[in-house]
Amino acid sequence: MKIFKQAEAMQAWALEQRAQGKRIGFVPTMGFLHEGHVALMRRVRAEVDELVVSIFVNPKQFNVASDLENYPRDEEGDLAHCRNEGVDVVYLPTAEQMYPEPYHTYVEVRGGLAEGLCGATRPGHFLGVTTVVAKLFNLVQPTVAVFGQKDFQQLAIVRRMVQDLNMPIEIIGLPTVREPDGLAMSSRNARLTPENRKRALVIHETLQWTKAQVEKGERDAKTLCAKARERLAAVEHDDIHYVDIREETTLSLLETLGQGHARMFVAQVFGQVRLIDNLRIYTDPRLSNQSRKP
């Protein structure tokens, strides 16, 4: 397994592989790898000739300094995961490598996809995401890149960026990988106290409960969100950033389910640890042939 820390070395290797007609698969991560990341690697491994994983805690996508400082890191463990999964290259840049001073250029996806949810509650977050992903795509030269659906808004925004900028990259969205009790796997889970870890289960339980209400016939999004918020607020927590039901493709807010596939999004804070999750709660029968698409 090769490890590159310099942008020039990473890009030179990638361009050489592409010149040889090889397919490069790419899994961009911020490290502290878990089974969710492993699932991304396994999803693309069989489809490509070379598999690249990047490990970079991107400072540009953090709008709270303490969140960046406290983000968990484990380089040795991350490299072990990559070796075990047959990764060919790990790219380990530094912030100075990614953003040499003076740094001026940013990539931004504007409009509805980035305006609500985390776009509203984490100002500047997606500007940092799209900028670093665009840079990584230029350096790694992937044929296909894989992202998890836990960060569903991020996945939608990256897809839009790739489409708008004519990047010849296939973007795959992989369903959220969960712990046995339903908690969505996240590197941030390591920062939860045992008590808050138990309380955080309310997110997945509420998503499932809401889906059950829809299956019983409820279609009013405002009613569903209000009842879901009550359930989330019933356990001790620091804040609820949002509880929204949106159409999957445009991420536009829905008033009534039945206007496309509907997905509920939740962001809640436990002990200063911000967790996000989402779940498709309604499948539009008119779009049944797309029901498996993220």
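The values are calculated or read from the model by the stated rules, or taken from the named source; none is laboratory data. Computed from a predicted model, the values in this text were never measured in an experiment. Cβ coordinates were reconstructed from backbone atoms using ideal geometry, including for glycine residues, and neighbour counts include every protein chain displayed. SASA here: full protein model, heavy atoms, side chains in, ligands and nucleic acids out. Shrake-Rupley method; radii C 1.70, N 1.55, O 1.52, S 1.80 Å.
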Cα-based Rg of segment 1-137 normalised by 2.2 N^0.38 Å, two decimals = 1.10
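Mind checking segment 142-248 for GluC sites (Glu not before Pro) that DSSP puts in a loop (not H, G, I, E or B) and that have at most 14 other Cβ atoms within 10 Å? Walk me through the intermediate numbers first.
On the way: sites: Glu170, Glu195, Glu205, Glu215, Glu218, Glu230, Glu236, Glu247, Glu248; in loops: Glu218, Glu236, Glu248.
The qualifying sites are Glu236.
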When all C-alpha to C-alpha distances in segment 18-86 are sorted into bins of 10 Å, what percent of pairs does each bin hold, rounded to whole numbers?
-> 19, 44, 27, 9, 1
Counting only residues 5 or more places away or on other chains, whose amide H sits under 5 Å from the amide H of Phe26 once H atoms are built in the peptide plane?
-> Val52, Val144, Ala145, Val146
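Excluding His204 itself, calculate the net charge of residues whose Cβ lies under 13 Å from the Cβ of His204, where each Lys or Arg counts +1 and each Asp or Glu counts -1. The partial results should precede the final answer.
Details: positive: Lys150, Arg178, Arg197, Lys198, Arg199, Lys211, Arg231; negative: Glu179, Asp181, Glu205, Asp277.
Taking every other residue near His204 into account, the sum is +3.
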Ignoring ligands, DNA and RNA, what percent of the 1.4 Å accessible area of the chain is carbon and sulfur?
-> 47 percent
In cubic angstrom per residue, the convex hull of segment 176-294 built on its Cα atoms measures 105 Å³
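Where in segment 215-294 are there trypsin sites (Lys or Arg not before Pro) that are in a DSSP coil and have at most 14 other Cβ atoms within 10 angstrom of their Cβ? Could you put the intermediate results ahead of the total?
Working: sites: Lys216, Arg219, Lys222, Lys227, Arg229, Arg231, Arg246, Arg263, Arg274, Arg280, Arg286, Arg292; in loops: Lys216, Arg219, Arg292.
Hits after loop and neighbour filter: Lys216, Arg292.
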What is the total of Lys pairs in the chain with C-alpha atoms under 23 Å apart, excluding same-chain pairs fewer than 8 positions apart?
-> 20
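Over the chain, average the accessible area per residue using a 1.4 Å probe and give it in Å², no decimals.
Values: 13820 Å² over 294 residues.
Roughly 47 Å² per residue, with all protein chains present.
When the chain is fully extended, how far beyond the present Cα-Cα distance does Asn138 get from Lys222, taking 0.36 nm per residue of separation? Mind showing how you got there, number by number?
On the way: separation 84, 0.36 × 84 = 30.24 nm, distance 4.21 nm.
That pair, Asn138 and Lys222, stretches by 26.0 nm at full extension.
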Scan the chain and hand back the longest stretch that contains none of the chymotrypsin sites (Phe, Trp or Tyr not before Pro) lying in DSSP loops with at most 14 other Cβ atoms within 10 Å.
-> 107-294
Calculated Rg and Dmax of segment 140-209 using C-alpha coordinates, Å = 15.6, 47
Within segment 1-109, which GluC sites (Glu not before Pro) sit in a loop by DSSP and count at most 16 neighbouring Cβ atoms inside 10 Å?
-> Glu47, Glu108
Rg and Dmax of the chain, Cα atoms only, in Å = 19.3, 58
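If each DSSP helix of 4+ residues adds -39,500 (n - 2.57) and the sum is divided by the residues in the chain, what number results at 222 nm, nearest 500 deg cm²/dmol? The partial results should precede the final answer.
Working: 12 runs with 115 residues, N = 294.
Only helices count here, giving -11500 deg cm²/dmol.
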